[in-house]
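The values are calculated or read from the model by the stated rules, or taken from the named source; none is laboratory data. Given the structure is predicted, the values throughout are model-derived calculations rather than measurements. So basically every Cβ, Gly included, is an ideal-geometry build from the backbone, and we count neighbours across all protein chains shown.
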């Protein structure tokens, strides 16, 4: 009876650890492609209202530890630090200076608050502040 109980506990532990590892993600998946924003937390303005013309995007460069993309209006680039599931971004520098409304401000502010990331089972990238999803990205087409 003890052996069966121990085997059951071991099986459950391995199962839970593998599920947790899948949710936290393999950092190599960050670098496969560009990511397009599909959700951002915070504002009462609709997502379409924040980003009427273009959705923000992010692309990770592993060799230079930089990210680049668009805020939905202006291009940006910045450094990032990755340590396991923990991630942080330096203050982004925009490469153009068009006025874009509130979307760009909300995007850059949310980016500065990110503390970790995870890959979901359906292949999406979530940037979190503690356990709160700040932004969710899908693979760009």
Within the stretch 19-52, can you find the residues that are modelled with pLDDT under 55 and either part of a loop (DSSP other than H, G, I, E, B) or surrounded by fewer than 10 Cβ atoms within 10 Å (Cβ to Cβ) (or both)? 25
When residue 103 is evaluated against the numbered criteria (1) modelled with pLDDT of 95 or more; (2) touching a helix residue (DSSP H, G or I) at 6+ places or on another chain (Cβ under 6 Å), which criterion, by number, is the only one it fails? (1)
For residues in the stretch 58-77 being buried (at least 19 other Cβ atoms within 10 Å of the Cβ) and within 18 Å of the chain's Cα centre (by Cα), which is farthest from residue 30 (Cα to Cα)? 72
Counting only residues in the stretch 95-122 that are in a loop (DSSP other than H, G, I, E, B) and touching a residue at least 40 places away in the same chain (Cβ under 8 Å), the one nearest to residue 38 (Cα to Cα) is identified as 120
Breaking point among (1) surrounded by 15 or more Cβ atoms within 10 Å (Cβ to Cβ); (2) modelled with pLDDT under 95; (3) touching a helix residue (DSSP H, G or I) at 6+ places or on another chain (Cβ under 9 Å), for residue 117: (2)
Residue 55 meets each of (1) under 15 Å from the mean Cα position of the chain (by Cα); (2) assigned to a strand (DSSP E or B); (3) closer than 21 Å to residue 140 by Cα with one exception, condition (2)
Odd one out for residue 91 among (1) touching a strand residue (DSSP E or B) at 6+ places or on another chain (Cβ under 7 Å); (2) surrounded by 11 or more Cβ atoms within 10 Å (Cβ to Cβ): (2)
